[in-house]
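In what follows, a structure is listed as structure tokens, so that the remarks can point back to it.
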Amino acid sequence: MTSALLISSALYLAQGALVTVGLSFGMIAVATVAGMLLALLRLYGWRPLGLLAAAYGLAARGVPLLVLLIGSYFSLPYLGLDLPLWLVVVLIGGLYFAAYAAEVFRAALAAVPRTQWDAGRALGMRRVQLFTIVILPQARRLSLPPFLNVALVAVKNTSLVSAIGGWELVAAGREIGERTMEILPAYLAVAAFYFVICFSISRIGRHVEKKMRYV
Amino acid sequence: MNLAFILNNAPLLMEGAAMTVALAIGALLGATLGGGVVAFLRMSRYAPLRHVGTGFVEIMRNTPILVQIFVLYFGLPTLGVHMSAFTSAVLAMSLQNSAYIGEIYRAGLESIHPRQREAALALGMMPGLALRVILLPQALRRVLPPLGNQLIIIVKDTSVASTIAVAELTQASKLLLDRSAAPYETFATVALIYLAISAGVAGVLKLVEWRYPVRVS
């Protein structure tokens, strides 16, 4: 491989990595919002809705994401919904990981001692106020490490997008492997990109975790 | 609803489900053994072995299973190493899950109070015997719940083997999709089969946990 080819290949992979990061951000954003909603429904919501949220969580966590991605990508056009692939991935992936995020948030919210609620009530705080300024900040600290684990799984699962015809890091690696016939190095380079993304997330997470401990 | 279509193709789906279970069992066996090696390396007295263990765990946990399967199935043949799609998938999943399960073993062993080991040694046991009759039996009970969760993750990860055309459940559903225009029925059925397998595993686990509860002294 000439160095020019090596550089252009690396840049091409970096483009793929950018798409991977973008998809991950989208998925994790949807998962955070929807997961929080599910957790709130289960903890404080109207009972039937809470049970529905619990059932959703059980169902989503028992099925592989790949099946949901293939299924929705092929069925949505039949419903007359012609969404772009990236949007399908962000929505379906986001809702899938919302089930995992909901477990994390629920555990964290439930782990804040009950006495915190009592103390807030005694100080005359309203429920919403009490939740947002007393309970939530404490739960956030507790939920960070397990939430990052979910986020890492989400990042790794964006690779499945290449299996339904999308273009991201793995697809970029496949193209380079086919063009240069250096298949093993191409996929190892893809793995290295993922490693850099995931390892930095967990390192940043550890750093933030350390800082938050003293807040 | 096109139920007749699903019923006509039930044998294909069942074969797929059987292959999914076979992949999961293969990966579970590989990973329970590999996990032992990883835990041994990570807890070794010798720093170089510990570093090898840590490096392996970090690499395996920070790269997607899809890429690992592709490295084995598409990458290794360029070095003259050829494996069937099934072998590649089982090997890749065994390797990745060795990292996860190794960490589970380590956490389980480290959760046993050091005094247990000290007491065993004080009674004149050799370190190996203490590990076998004092530490492992206690650690195994604590390891069962996370091990079961990992098994459910393994079951779901077998779907990735469809990308290298292993004839498992997801691959079977893709074949049915190409043959027909019954996407909802096909995917609802496949999702339900996966759900049934996961729920079955979870149920068996509950039984095992009930039979071997964690005893806190």
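The values are calculated or read from the model by the stated rules, or taken from the named source; none is laboratory data. Not measured: the values here are computed from a predicted model. We place every Cβ from the backbone using ideal geometry, glycine too, and count neighbours over all the protein chains shown.
One line per residue, one yes/no per condition, for (1) more than 30 Å from B:Phe74 (Cβ to Cβ); (2) touching a Lys or Arg at 6+ places or on another chain (Cβ under 6 Å); (3) surrounded by fewer than 22 Cβ atoms within 10 Å (Cβ to Cβ); (4) at pLDDT 90 or above:
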position	(1), (2), (3), (4)
B:Tyr105	yes, no, no, yes
B:Leu109	yes, no, yes, yes
B:Ala122	yes, no, yes, yes
B:Met126	yes, no, yes, yes
B:Ile154	no, no, no, yes
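Might you check whether a residue that is within 14 Å of chain A (Cβ to nearest Cβ), hydrophobic (A, V, I, L, M, F, W, C) and closer than 26 Å to B:Phe56 by Cα occurs anywhere in segment B:165-182? Break it down into steps so the answer makes sense when it comes.
Taking segment B:165-182 as the starting set, the residues that turn out to be within 14 Å of chain A (Cβ to nearest Cβ) are B:165-166, B:168-182.
In the following step, the residues that additionally are hydrophobic (A, V, I, L, M, F, W, C) were identified as B:165-166, B:169, B:172, B:175-177, B:181-182.
Cutting the leftovers down to closer than 26 Å to B:Phe56 by Cα gives us none.
Checked against the condition, which is being within 14 Å of chain A (Cβ to nearest Cβ), hydrophobic (A, V, I, L, M, F, W, C) and closer than 26 Å to B:Phe56 by Cα, segment B:165-182 yields no hits at all.
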| field | helices (runs of 4 or more DSSP H) wholly inside segment A:98-215 containing at least 3 residues that are free of Cβ contacts under 8 Å to residues at least 24 places away in the same chain and closer than 29 Å to A:Phe74 by Cα | value | A:169-180
| said: Tell me yes or no: at least one residue of segment B:38-54 is within 13 Å of chain A (Cβ to nearest Cβ) and touching a residue at least 12 places away in the same chain (Cβ under 8 Å). | reply: yes
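Residues of segment B:185-205 being of a type outside the set (A, V, I, L, M), surrounded by fewer than 20 Cβ atoms within 10 Å (Cβ to Cβ) and touching a residue at least 60 places away in the same chain (Cβ under 8 Å), which ones? Spell out the reasoning first.
So the first thing to find is which residues in segment B:185-205 are of a type outside the set (A, V, I, L, M), and the list is B:185-187, B:189, B:194, B:198, B:200, B:203.
Now drop any that are not surrounded by fewer than 20 Cβ atoms within 10 Å (Cβ to Cβ), which leaves B:185, B:200, B:203.
If the condition is that a residue be of a type outside the set (A, V, I, L, M), surrounded by fewer than 20 Cβ atoms within 10 Å (Cβ to Cβ) and touching a residue at least 60 places away in the same chain (Cβ under 8 Å), then B:Glu185 is the only one that fits.
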| message | Name the single residue that is nearest to B:Gly75 (Cα to Cα) among those in segment A:187-196 being within 8 Å of another protein chain (Cβ to nearest Cβ) and among the aliphatic types (A, V, I, L, M). | response | A:Leu188
| said: Just to be sure I understand, how many residues within segment A:22-53 are within 14 Å of another protein chain (Cβ to nearest Cβ) and either more than 18 Å from B:Lys156 (Cβ to Cβ) or in contact with a strand residue (DSSP E or B) (Cβ under 9 Å, 6 or more places away or on another chain) (or both)? | reply: 2
| Which of (1) surrounded by fewer than 20 Cβ atoms within 10 Å (Cβ to Cβ); (2) within 30 Å of A:Val21 (Cα to Cα); (3) among the hydrophobic types (A, V, I, L, M, F, W, C) is the odd one out, the single condition B:Ala92 does not satisfy? | (1)
| request: Mind counting the residues in segment A:93-114 that are more than 17 Å from A:Tyr44 (Cα to Cα) and either modelled with pLDDT under 95 or not aliphatic (A, V, I, L, M) (or both)? | output: 5
